[in-house]
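Below is one structure, written out as structure tokens; the observations come after it.
Only the coordinates and a few stated rules stand behind these numbers; no lab work does. All values derive from a computational prediction rather than experimental measurement. Positions of Cβ are generated from backbone atoms using ideal geometry, with glycine treated the same way; all protein chains shown enter the neighbour counts.
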Amino acid sequence: MDGIFPLWKPKGLTSHDCVVKVRKVAGTKKIGHTGTLDPEVEGVLPLCIGKATKLVPFLTDTEKTYEAVISLGTATETEDAWGEVIDTAEVPDISDHYIQKVLKDFQGDITQVPPMYSAVKINGRRLYEYAREGMEVERPERQVTIHELHWMERVSRESFRVKVVCSKGTYIRTLCVDIGKALGLPAHMKELTRTGTGDFTEIDCVRLEDLDRDKLNNGLLPMKKAVPHLPEWEVTEEEASLIRNGQRFDRPANWSAGEIHVAVHKGELLALYHDHPDKPGLIKPIRVLKQ
């Protein structure tokens, strides 16, 4: 069993919990997820099964799409609705139009400081380990990209819903807090749903409560679906045979230097290739998926 299984993760379970449950149905331990979702968050969680586990880092690197509810007037230690309140303020009347104007300032490349309650490592320890001990440590800034940030609706006087399309490594909790700061108010992330990972959306997903062997078999998608963002290299039958043995090649025509390419034969993903680091003009495999 090799392929991508798009699961809809429910609230109340960790991403690892979901992997464990799918392993039992699949009868294999060779399953990896492609981007952790917090227990309180639901949404698209593509799982790589069998040989597709070799693609985990490439699928993890794809864009993510979220719907988030930002709540103004209250800040929490975890930046979400499940942490202890650390600041409050009266929320004045703010027009939808003004909020939408502020949202535009967060599109593009932005800088974030990872929250203390996160899995980022500082000096060999996770930030949440420091946080649980009441320690505040200096955290390095990181640049992320907000490809899209759209107003969706007003949820209440103090809260509103947005759609976010962002790069790997973006903390939506922190984005919500920073939007609040731009509005002059403490804020936190009240709700979060991941509606897309790469090309996978809710319509592709199987609900965990509906999962059985038939749903797993029918829902398993080709490995090629994991890397639509990488350029394709269509190969011949002869080349396909050599690729299965890890063969190096002269750089093909129309090759994009510096990019990882997917070697495909008759619609099937065989391997990932990139420029040879030591031999100009040659390409070599970094992952061979079909042998």
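Brief remarks on what is shown
- Legend: translational diffusion of the range 115-207 by Stokes-Einstein, Rh = Kirkwood radius over C-alpha pairs, 37 °C, 0.692 mPa s; D = 212 µm²/s.
- Which of Thr197, Val120, Ile179, positive extreme of dipole for the range 61-217 (C-beta unit charges): Val120
- Semi-axes of the equivalent ellipsoid for the chain, Cα gyration tensor, largest first, Å: 39, 22, 18
- Ellipticity estimate at 222 nm from DSSP helix runs (n ≥ 4, -39,500 (n - 2.57)) divided over the chain, nearest 500: -5000 deg cm²/dmol
- For the range 56-185, the pair-distance distribution built from all alpha carbon pairs, in bins 10 Å wide starting at 0, is 11, 41, 35, 12, 1 percent.
- Kirkwood-type hydrodynamic radius, the range 232-288: 11.1 Å, calculated from all non-identical alpha-carbon pairs.
- On the beta carbon distance between Asp278 and Arg125, with R0 = 30 Å, the FRET formula returns roughly 0.25.
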